[in-house]
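The values are calculated or read from the model by the stated rules, or taken from the named source; none is laboratory data. Please read these numbers as outputs of a predicted model, since none were measured by experiment. When we count neighbours, we look across all protein chains shown, and the Cβ atoms used for this are built from the backbone with ideal geometry, even at glycine. Just the protein is used for accessible areas: all its heavy atoms, side chains included, with ligands, DNA and RNA removed. Shrake-Rupley method; radii C 1.70, N 1.55, O 1.52, S 1.80 Å.
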Amino acid sequence: MYDPEELAAIREAKESWEDGTYGETVERFGEREETFTTDTGGQEVDPLYTPADVEVDYREDLGYPGEEPYTRGVYSTMHRGRLWTMRQYAGMGTAAETNDRFRYLIDEGSSGLSMAFDLPTQMGYDSDAAMAEGEVGRSGVAIDTLDDFETVFDGIPLDEVSTSMTINAPAAVLLAMYVAMGDKQGVPRDQLRGTIQNDIMKEYIARNLYIYPPKESMRLITDIFEFCATETPSFNTISISGYHIREAGSTAAQEIAFTLGDGIEYVEAAIDAGLDVDEFAPQLSFFFNAHNNIFEEAAKFRAARRMWAQIMDERFDAENPKSKQLKFHTQTGGSTLTAQQIENNVVRVSYQALAAVLGGTQSLHTNGKDEALALPTEKSVRTALRTQQILAHESGAADTIDPLAGSYYVEDLTDGIEEEAFEILEEVDRRGGMLEAVESGWVQRQIQDVAFERQQEIEEGERIIVGVNEFEVDEEPEMDLEEVDPDQEQNQRERLNGVKDERDDDAVDDALAGLREAAQGSENVMPHIVDAVKAYATVQEVSDVLRDEFGEYKPGR
């Protein structure tokens, strides 16, 4: 800490430098830009930062890893004790192809699985539904019944892997299948590890892959919280996602503000449902994006941790330290990848991964270089995984905790992002909370305005995208792209029909009837969904029961 006299002297010396050494050089030669800002334009970047620019109380604002306010990390040893979980997002067209990719990734050193689902599955439709035509297995794996899950995880012991599932509206159904698979493998439920995304708020904000109205969606989420708190305590019940908010065009500050705002909404809903905050909050997790500006991104992660600890302490009186720890997964920015000169994407992904590690992520997915064009090939997935392994074992970035702490610039960025994000949350509160702000369209408009401005900057050349609007080359890319088998849709439908022919229809009907009765009342629906999927009820059959009882969400109505 510097005393006031020292800070005044530093401030005076900086002003002298700005007028003299620096100012004279700028006057003579100029600088690259008239004004420098962070990548998302939220903060102006000064030419130099000193102790006089940052008001940091070390114990109050930074503290120590594993202790409040968790700015420097949620665990005491962070990556010195255990490296982040290295996940690679995978979900090929069929269950068998996905199993092959999962086995390949495990053999190549991946320490966690990340499962992508096709659009019909994400919307609660089976592969033989009219709504599914042309989309089966295209954006991920098609899952219709537990039989598909059994194929996906054939030979993969669930007590040895952690699995993240990017599923939201029908998250309860896919979680039930994972629990059922664990039961079939003889894995105690308290040993199941992983995450379901289960974040319906961001679907209303950014992706539009929702089924049920907000109130009923919240009912499903709180039922999952309650079920997992007792049945699968090592499984993260939700991955509150800023990733898609950022992909839609938000700033870094908006990303964490709206994400933590969604988190507040879920905590309030669970408390209103009668749950104790310290029973379910330790199982909450978050999912953030990592873009190209290393310092802004690392500062964003540090600010988010500090903010969540304060929110859980002051708004919800949480007492369990784990309730205040913001644990998060990071994925490198899909929207930053370019179809032009796709080899450049390897560099982008590397810098983004570095930002995530410097920011203290618990889990990381690195995009394949070809994901701007198609699902990643086996070779590009391997390169993406090797990027993490080189970062972990060769770069030294994981050898000390929070290595950017104390940087005058990074601390200023951290404070600035936190201040802006809290201002956004205050506006959200004035508008009645995130649910009201989303249903009114206010949140979406904030993001759309930023996205429009950024696109204008790119088109006008004010924002350089290497290979797109600057440093271009006139050549066609030579790429071996992953292709979808045109016969897979029909094959999946035949597979589904085979399961329906062999299952016990009476058992399915009984399980669905039990689910309907629970949905009509206040009983937790999760045990009934587990019973239904164990009887080989389909994703759509379960979802349709809930559609009948809960209705479907129609924006603006």
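If you go through the stretch 230-249 and pick out every residue that is open to solvent by 30 Å² or more (accessible area, probe 1.4 Å) and either over 18 Å from the mean Cα position of the chain (by Cα) or farther than 17 Å from A176 by Cβ (or both), you end up with 6.
Among the candidates T259, T222, T195, single out the residue that is part of a strand (DSSP E or B) and under 20 Å from I167 (Cβ atoms).
Working: T259 fails: part of a strand (DSSP E or B); T222 fails: part of a strand (DSSP E or B).
From the options T259, T222, T195, the qualifying one is T195.
Among the residues examined, V428 does not qualify as touching a residue at least 12 places away in the same chain (Cβ under 8 Å), touching a strand residue (DSSP E or B) at 6+ places or on another chain (Cβ under 8 Å) and among the hydrophobic types (A, V, I, L, M, F, W, C). Scanning the stretch 285-307 turns up at least one residue that is open to solvent by 50 Å² or more (accessible area, probe 1.4 Å) and under 25 Å from D61 (Cα atoms). Of the residues in the stretch 37-50, at least one is under 21 Å from the mean Cα position of the chain (by Cα) and surrounded by 20 or more Cβ atoms within 10 Å (Cβ to Cβ). Report, by residue number, each residue of the stretch 429-443 that is assigned to a helix (DSSP H, G or I), open to solvent by 30 Å² or more (accessible area, probe 1.4 Å) and either touching a helix residue (DSSP H, G or I) at 6+ places or on another chain (Cβ under 6 Å) or hydrophobic (A, V, I, L, M, F, W, C) (or both). Once the filter is applied, which keeps residues that are assigned to a helix (DSSP H, G or I), open to solvent by 30 Å² or more (accessible area, probe 1.4 Å) and either touching a helix residue (DSSP H, G or I) at 6+ places or on another chain (Cβ under 6 Å) or hydrophobic (A, V, I, L, M, F, W, C) (or both), the stretch 429-443 yields only L435.
Within the stretch 317-347, being under 18 Å from I245 (Cβ atoms), in a helix (DSSP H, G or I) and polar (S, T, N, Q) holds for S335, T336.
Out of G81, G134, G93, G124, one residue alone is more than 20 Å from the chain's Cα centre (by Cα), more than 27 Å from R305 (Cα to Cα) and surrounded by fewer than 24 Cβ atoms within 10 Å (Cβ to Cβ). It is G134.
Residues that are in contact with a helix residue (DSSP H, G or I) (Cβ under 7 Å, 6 or more places away or on another chain) and among the hydroxyl-bearing types (S, T, Y) within the stretch 366-404 comprise T366, T383, T387, listed in sequence order. When G66 is tested against the conditions (1) open to solvent by less than 50 Å² (accessible area, probe 1.4 Å); (2) modelled with pLDDT under 95, the lone failure is (2). When each of V74, V54 is tested for being more than 29 Å from the chain's Cα centre (by Cα), buried (at least 18 other Cβ atoms within 10 Å of the Cβ) and touching a residue at least 40 places away in the same chain (Cβ under 8 Å), the lone residue that passes is V54.
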